[in-house]
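Readers should treat all values here as calculations from the given coordinates under stated rules, not as data from a laboratory. It should be emphasised that the depicted structure is a prediction, and the values quoted were computed from it without experimental measurement. Counting neighbours? That spans all protein chains shown, and the Cβs are built from the backbone with ideal geometry, glycine included.
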Amino acid sequence: MNWADRQLERAHDALQRCSSGLTLAQLTARPPGKWTIAEIFEHLALAFSLTAVGARRAVTSGRRTSRTPDLRSRFRAFVVIDCRYFPTGVDAPKMVIPAGIEPATALPMALANLREMDAALAEAATRFGTRVKLVDHPILGPLSVRQWRTFHWVHARHHVKQVNARTVMEP
């Protein structure tokens, strides 16, 4: 399948690489106070799915659902999207907290939802352009298609680093 966006293709490839050869034991190992690798993949699946739903809703209704950003959300968006830095220690919004799906299905679901999100964002870009604020992120505020694509690349890269660090540390 061709990708509409190179950043999302890179996220897909990075997830494929970091998950290559993972065992069930690795997927379900729980570091103290952290998510398992399977839960990280489930978290990403939920994030990709919610963005796809929001983009499709905007395309279908013809209305963007963005609010006016406050100073705090603008700063956060600048850090994550413009500086491409994903801070650690920030709690995930409730709607993307993993519920504990079957570990073996988490990665395939994340990859399928990533492709779905790419297609949904491409539809939104055709309808509204890539720079018009489209859908609200619960922490970063209203984001455009371009910003959503960058956010998901930076977010996926953040979690890929976590997965890689865990698999390297194991004997």
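Put simply, of Ala45, Ala38 the only residue that is farther than 27 Å from Arg6 by Cβ, within 17 Å of the chain's Cα centre (by Cα) and assigned to a helix (DSSP H, G or I) is Ala38.
Each residue in segment 1-53 was checked for being β-branched (Val, Ile, Thr) and under 30 Å from Thr65 (Cα atoms), and 3 of them qualify. The set of residues from segment 150-159 being hydrophobic (A, V, I, L, M, F, W, C) and surrounded by fewer than 20 Cβ atoms within 10 Å (Cβ to Cβ) comprises just one member, Val154. Counting residues in segment 119-126 that are surrounded by 13 or more Cβ atoms within 10 Å (Cβ to Cβ), under 16 Å from Val160 (Cα atoms) and out of contact with any Cys (no Cβ under 6 Å at 6 or more places or on another chain) gives zero. When you look at Pro69, is it under 18 Å from Phe151 (Cβ atoms) and assigned to a loop (DSSP other than H, G, I, E, B), yes or no? Considered against the rule, which asks whether it is under 18 Å from Phe151 (Cβ atoms) and assigned to a loop (DSSP other than H, G, I, E, B), Pro69 comes out as yes.
Only one entry in Ala58, Ala104 is of a type outside the set (Ser, Thr, Tyr), surrounded by 18 or more Cβ atoms within 10 Å (Cβ to Cβ), in contact (Cβ under 8 Å) with a residue 60 or more places away in the chain and out of contact with any Gly (no Cβ under 8 Å at 6 or more places or on another chain), namely Ala58.
When Ala77 is tested against the conditions (1) touching a residue at least 40 places away in the same chain (Cβ under 8 Å); (2) closer than 30 Å to Thr28 by Cα, the lone failure is (2). For segment 132-149, which residues satisfy the criterion of being more than 16 Å from Ser49 (Cβ to Cβ), out of contact with any strand residue (DSSP E or B) (no Cβ under 9 Å at 6 or more places or on another chain) and surrounded by fewer than 21 Cβ atoms within 10 Å (Cβ to Cβ)? Within segment 132-149, Ile139, Arg146 meet the criteria.
Answer yes or no: is there a residue in segment 110-129 that is in a loop (DSSP other than H, G, I, E, B), in contact (Cβ under 8 Å) with a residue 60 or more places away in the chain and more than 14 Å from the chain's Cα centre (by Cα). No; the residues of segment 110-129 include none that is in a loop (DSSP other than H, G, I, E, B), in contact (Cβ under 8 Å) with a residue 60 or more places away in the chain and more than 14 Å from the chain's Cα centre (by Cα). Screening Glu42 on (1) among the acidic types (Asp, Glu); (2) touching a helix residue (DSSP H, G or I) at 6+ places or on another chain (Cβ under 8 Å); (3) surrounded by fewer than 19 Cβ atoms within 10 Å (Cβ to Cβ) shows it passes everything except condition (3).
Any residue at all in segment 120-133 that's under 18 Å from Ser19 (Cα atoms) and out of contact with any His (no Cβ under 6 Å at 6 or more places or on another chain)? Even if it seems obvious, please write down each step before you answer.
So the first thing to find is which residues in segment 120-133 are under 18 Å from Ser19 (Cα atoms), and the list is none.
The answer is no; no qualifying residue exists.
What number of residues within segment 76-101 satisfy the criterion of being part of a helix (DSSP H, G or I) and surrounded by 13 or more Cβ atoms within 10 Å (Cβ to Cβ)? Matching residues across segment 76-101 total 6.
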